[in-house]
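S.K.: Please read through the structure below; I'll follow up with questions.
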Amino acid sequence: MVYQKLAKGELLEIKMASNSRPPPYYENYAYQPENAGLPRYINGHNMYPHYSPPYYPRSVPHYIPRVSTRQSTPVPTIVQPKSTKICIPRLRKVVLLLSTAILVTGMVIAGVLIWYFVTDSCSGSKIQCGTLGVCVSPSKWCDGVNDCPNGEDENRCVRLYGPDFLLEVYSSKSKKWYPVCYDDWNDIHGMTACEDLGYNSNTYLSSQALPFITGSRSFMRLNTSAVNVDLYKKLYSRWYIYTLSTFKAVGVHLTMWCLCDAYCGISSKVANPRNRIVGGSAAGLGDWPWQVSLHIQDTHLCGGSIITREWIVTAAHCVEGLHSNAFYWRVYPGILTQPEMHPPKGYRVARIISHPNYDSTSKNNDVALMKLQSPLLFSDFTSPVCLPNPGMMFQPTKPCWISGWGAKRQGGNTSKELNAAIVHLIEPSICNDKYIYNGLILPTMICAGYLQGMVDSCQGDSGGPLVTLKNALWWLVGDTSWGTGCASRNKPGVYGNMTMFTDWIYRNMQANK
Ligand code: ARG
């Protein structure tokens, strides 16, 4: 019931926050003809307008007997108009031409359809299995069950694991993920792996051997003598027990990392806990280069985070209902103040994908993806944040940063300049306490803020980033989702738990390349 109150409170706040301009609202009426006031036919009168029967030339010429009379004045002879005579073959020609045109158009349409379904990638956000034109939904990819005719959905599974971007491949036989050995690995293999993750192959950066760690584990190794071109068919698993001496003796590099986009998580910001969104301070250009402002009708509605040149992560509740149409949105990267955001600087959105299990009442799975119509130009002020790889752990109370153009106090207007503040992660068990959120925090959510209040995200910050610094890179820990009021005591901010969504994000990027 706490949430019920929250929902009403939020509505009120949204209205107050945007009191300078009315919230955008679209209604599609069916097309209305201009002369809607045509005269009506009253019962009893002929309902249908009167048309005189058209003139059709008779197809069979009739014999008109000529009777000679004695009349001296010449009898006017009925001369059939010339055009009527040549009309018959012309009509045939027209019919013939028309039917050929229809036939040709039909064949072209059929050809395009066959080409689309057989040779082109899958429609409706599905991933193509192989060349057979079979498509499966992203959720069936790498789930341990064969759905493609040749099992491609389980054979082309690759992921980057942990904070070191360790390259791992899934074995459908043992249903386990294995790190890949660096030996014999080359950039072509790296590009294939990046493409299978959903990145463009031309954004592959490099693969490098990782410092050696002793232990025992199974790995995937490349069989260089294998002739087939398919990377995954060249991999076989090997069990290694390795110490520094065996490593030197065998001479293999046991693990490697692989980077797919140019880079991620690099900011000019030196983590500096100036503590003043609510309780934050104005950000500098390039401090949070992944932060974007999402507009509808020239009005900031939500925040978002850049993860690749073409993809933005935001909250599913930002793109709900009428806002789910990609056409209305504009994305503004690399700009600090709202008045500087004008449509020519905005990027258009090609597609919006909301998490299929998003629940608007509980805010479960509050995450969505926006694919841009044209790729972003990366610079010091526009660059991606790192998506948390599976296997990444953040300490339970780790300091993080939030940023956005949201209200600076509960019920306030959205802010003109970008603000940021430092917050701490709060353990789910604490956040679910009876006096805090009383069980409303689900595994897809993560709390951050202060139990004493004062510093928090607020209306207008939704969809924006909650990030943390780890191994010298900035990682997207969450997306701003909800909270009771803003910066109130015992009501910290609630964010989408990004580690729970990484798999879904990669699969959907792959399905919508
Ligand atoms: N739902 C809000 C939005 O759409 C974000 C609210 C965050 N609230 C909080 N107390 N942290 O902008």
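The values are calculated or read from the model by the stated rules, or taken from the named source; none is laboratory data. None of the values given here were measured: they were computed from a predicted structure. Cβ placement follows ideal geometry from the backbone for every residue including glycine, while neighbour counts extend to all protein chains displayed. In case anyone asks, the SASA skips ligands and DNA or RNA and just uses the protein heavy atoms, side chains included. Shrake-Rupley method; radii C 1.70, N 1.55, O 1.52, S 1.80 Å.
S.K.: Only bridges with both residues in the stretch 294-366 count here: give the DSSP antiparallel percent, nearest 5.
M.R.: On the way: 11 of 11 bridges.
Approximately 100 percent, going by the DSSP bridge assignments.
S.K.: Right, here's the next one. Net charge near residue 139, counting Lys/Arg +1 and Asp/Glu -1 over other residues with Cβ under 14 Å of its Cβ?
M.R.: Net of charged neighbours comes to -2.
S.K.: For 159, 348, what's the largest-to-smallest order of accessible area, 1.4 Å probe?
M.R.: Heavy-atom accessible area, descending, gives 348, 159.
S.K.: Another question, if that's okay. Residue 337: net charge of surrounding residues, Cβ under 15 Å, Lys/Arg +1, Asp/Glu -1, itself excluded?
M.R.: Here the charged neighbours net out to -1.
S.K.: Take the cross-link list 408/513; 363/416; 173/470; 398/434 and give me the ones stretching past 30 Å between alpha-carbons.
M.R.: From 408/513; 363/416; 173/470; 398/434, over 30 Å: 408/513; 173/470.
S.K.: From the square roots a ≥ b ≥ c of the eigenvalues of the alpha-carbon gyration tensor of the stretch 271-342, which class results: rounded (a/c under 1.5), prolate (a/b over b/c), or oblate?
M.R.: Prolate, since a/c reaches 1.5 and a/b exceeds b/c.
S.K.: Something else now. If I compute solvent accessible area with a 1.4 Å probe over the protein chains, what percent of it on the stretch 433-499 is carbon and sulfur? Walk me through the intermediate numbers first.
M.R.: Working: 1150 of 2080 Å².
Carbon and sulfur atoms account for 55 percent of the accessible area of the stretch 433-499.
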